[in-house]
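Below is one structure, written out as structure tokens; comments come after it.
Just so it is clear, none of the values below were taken in a lab; they were calculated from the coordinates. All values reported here derive from a predicted model rather than from experimental measurement. Ideal geometry is used to build each Cβ from the backbone, glycine not excepted, and the neighbour counts take in all protein chains shown.
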Amino acid sequence: MVTLPILNQSRMYQVRPSKILALGLNYRSHIAESHSVKVQGFTGEVPEEPVVFPKTPNVLIGPDQPIVIPGFLKDYGFDDPRTDYEAELAIIVKDTCKDVPAAEAMRHILGFTCMNDVSQRNLQTGDRSGWFRGKSLDTFGPIGPRVVLTEDIGDPQNLDLRCRLNGNLVQESNTRHMIFKVPEIIAFLSRNFTLCPGDIIATGTPSGVGRIKHGDVVEVEIERIGVLRNPVAEE
């Protein structure tokens with residue numbers, strides 16, 4: 001469980017989702033770099049509907065907590081071991097909902113925050129079951145630094161998004177470049193799954209994803225929300 005302050009509120013929010021649903025390939029710029037990421041199912045084609053995968057709640061850590069690269073990965077002897085950062089806007093679901101029309105989606109969102117969809121690429125590429133394990137290792141879902149309520153975020157489809165690795169800018173975009181917008185995402189997911197209070201939806205990352213290693217510091221910054229900072233450590 002992660003506890004985050006709520007912007008403009010004198011209370012805290014306990015992040016305790018029943019599920020974390022994440023989108024892949026939701027920025028054209030990220031699709032364009034598929035040749036460098038080299039992950040199964042990651043192609044240069046723009047998807048016709050959202051590409052969805054799960055992350056499990058054990059991934060969640062808060063600001064300044066370390067992203068831990070598991071020691072067992074060394075047992076595989078990967079020729080080119082690679083664990084990546086991915087800066088994303090995250091949605092927090094407000095209430096239990098199903099089959100939500102896009103026009104009504106915003107009323108079912110509690111608020112927004114930053115998320116780092118940390119991804120172990122070797123597992124993501126090699127596992128027959130797909131992306132599940134490489135996306136759901138412990139600590140692979142930093143979130144924060146605060147929750148901004150829907151009424152305070154302004155237009156969630158016009159937020160500058162940046163990621164810095166050791167102080168160097170590595171990702172820079174705006175949420176207006178999402179292929180599937182926030183209302184479409186809620187409508188699609190709620191058609192497939194009942195969404196529950198506190199569920200987290202990660203909305204995808206733009207181009208510029210890259211490797212992290214022991215001693216690195218990753219910062220995800222989103223306009224109106226703030227900076228989510230996490231160090232990286234090998235187990």
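Note the count of lysine pairs whose C-alpha atoms are less than 27 angstrom apart in region 1-122, limited to pairs 8 or more residues apart or on different chains.
So the count of such lysine pairs works out to 9.
Any idea which of PRO156, PRO63, GLN14 is furthest toward the positive side of the dipole for the chain, if Lys and Arg beta-carbons carry +1 and Asp and Glu beta-carbons -1?
The residue sitting most towards the positive pole is GLN14.
Quick one: length gained pulling SER10 to ASN58 fully straight, 0.36 nm per residue minus the C-alpha distance?
Computed gain between SER10 and ASN58 is 14.6 nm.
Could you line up MET12, MET1, MET178, MET115 from fewest to most neighbouring Cβ atoms inside 10 Å?
Least crowded to most crowded, the residues run MET1, MET12, MET178, MET115.
Specify the angular offset, from 0 to 90 degrees and rounded to the nearest 10, of the alpha carbon long axis of helix 182-192 from the longest principal axis of the alpha carbons in the chain.
With rounding to tens, the tilt is 80 degrees.
With a Cα-only, solvent-free Debye model of region 126-180, what are the log10 I(q)/I(0) values at q = 0.14, 0.20, 0.30 Å⁻¹?
Listed by q, the Debye log ratios stand at -0.66, -1.06, -1.09.
Which value, in debye to the nearest 20, gives the size of the charge dipole of the chain about its Cα centre, when Lys and Arg are +1 and Asp and Glu are -1 at the Cβ?
Approximately 300 debye in magnitude.
Restricting attention to the alpha-carbon atoms of the chain, what are Rg (one decimal) and Dmax (integer), both in Å?
So, for the chain, Rg and Dmax equal 16.5, 50 Å respectively.
Run the dipole for region 135-215 about the Cα centre, Lys and Arg Cβ at +1, Asp and Glu Cβ at -1, nothing else charged, and hand back the magnitude in debye, nearest 20.
That gives region 135-215 a dipole magnitude of about 380 debye.
By average Cβ neighbour count within 10 Å, what is the ranking of 46-55, 141-150 from highest down?
141-150, 46-55
List the trypsin sites (Lys or Arg not before Pro) within region 186-235 that DSSP assigns to loop and that have no more than 14 neighbouring Cβ atoms inside 10 Å.
LYS213
Starting from 0 in steps of 10 Å, tell me what percent of the Cα-Cα pairs of region 46-155 lands in each bin.
Per 10 Å bin, starting at zero, the Cα-Cα P(r) for region 46-155 comes out as 12, 36, 32, 15, 4 percent.
Can you tell me the FRET efficiency between MET106 and GLU172 if r is taken as the Cβ-Cβ distance and R0 is 30 Å, rounded to the nearest 0.05?
E between MET106 and GLU172, to the nearest 0.05, is 0.70.
Hey, if you put +1 on the Cβ of every Lys and Arg and -1 on every Asp and Glu Cβ in the chain, which of PRO183, PRO81, THR205 ends up farthest toward the positive end of that dipole?
Looking along the dipole axis, the top candidate is PRO183.
What dipole magnitude, in Debye to the nearest 20, does region 171-214 give about its Cα centre under +1 on Lys/Arg Cβ and -1 on Asp/Glu Cβ?
140 debye
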